[in-house]
């Protein structure tokens, strides 16, 4: 299981999602360009000391990430308000890469077209979207529950 951050714009959200991934034992991919310098103090503060506890791969572009993901047998699952399947009904697999779009603009059409699945969190009528870090937490939690992928309490570390 992987968490993919597509061109993130807000360092605090990125730091929060990296901390989430570290705590859940999930690798992170950052598809650049990011909307901030990854050495930004807000990013570092949000990620705290967890940044050194997670495997992070930075990809210089969507194309580079897409090629890498295909070479590594990943299934690309896009979190989007335009998704056709509620995240609680989706059939997750261990090779899933859950992609979170930009906070300001989501994911462009070429990302939607390249993904194997598009999932959504059902929202109350009239609501547009959740914070991207909250969305990542909900989806990763469900994906790990379904694949029995949560870290074990008896595991070292």
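The values are calculated or read from the model by the stated rules, or taken from the named source; none is laboratory data. None of these values were measured; they are calculated from a predicted model. Cβ coordinates were reconstructed from backbone atoms using ideal geometry, including for glycine residues, and neighbour counts include every protein chain displayed.
Things to note:
- Filter result (within 18 Å of residue 136 (Cβ to Cβ), out of contact with any strand residue (DSSP E or B) (no Cβ under 7 Å at 6 or more places or on another chain) and either in a helix (DSSP H, G or I) or at pLDDT 90 or above (or both)) within segment 36-58: 42, 43, 46, 47, 48, 50, 51, 53
- For the residues 73, 91, the requirement of being modelled with pLDDT of 95 or more, loosely packed, with under 12 Cβ neighbours inside 10 Å and touching a helix residue (DSSP H, G or I) at 6+ places or on another chain (Cβ under 9 Å) singles out 91.
- Total residues in segment 4-41 satisfying the condition of being within 18 Å of residue 108 (Cα to Cα) and crowded, with 20+ Cβ neighbours inside 10 Å: the figure is 10.
- Selection status of residue 61, modelled with pLDDT of 95 or more, surrounded by fewer than 20 Cβ atoms within 10 Å (Cβ to Cβ) and either within 12 Å of the chain's Cα centre (by Cα) or over 25 Å from residue 120 (Cβ atoms) (or both): yes
- In summary, residue 66 fulfils each of the numbered conditions (1) touching a residue at least 40 places away in the same chain (Cβ under 8 Å); (2) assigned to a loop (DSSP other than H, G, I, E, B) with the single exception of condition (2).
- Of the set (1) in contact with a strand residue (DSSP E or B) (Cβ under 6 Å, 6 or more places away or on another chain); (2) assigned to a loop (DSSP other than H, G, I, E, B), all apply to residue 119 but (2).
- Count of segment 85-108 residues which are closer than 17 Å to residue 145 by Cβ, within 15 Å of the chain's Cα centre (by Cα) and not in a loop (DSSP other than H, G, I, E, B): 2
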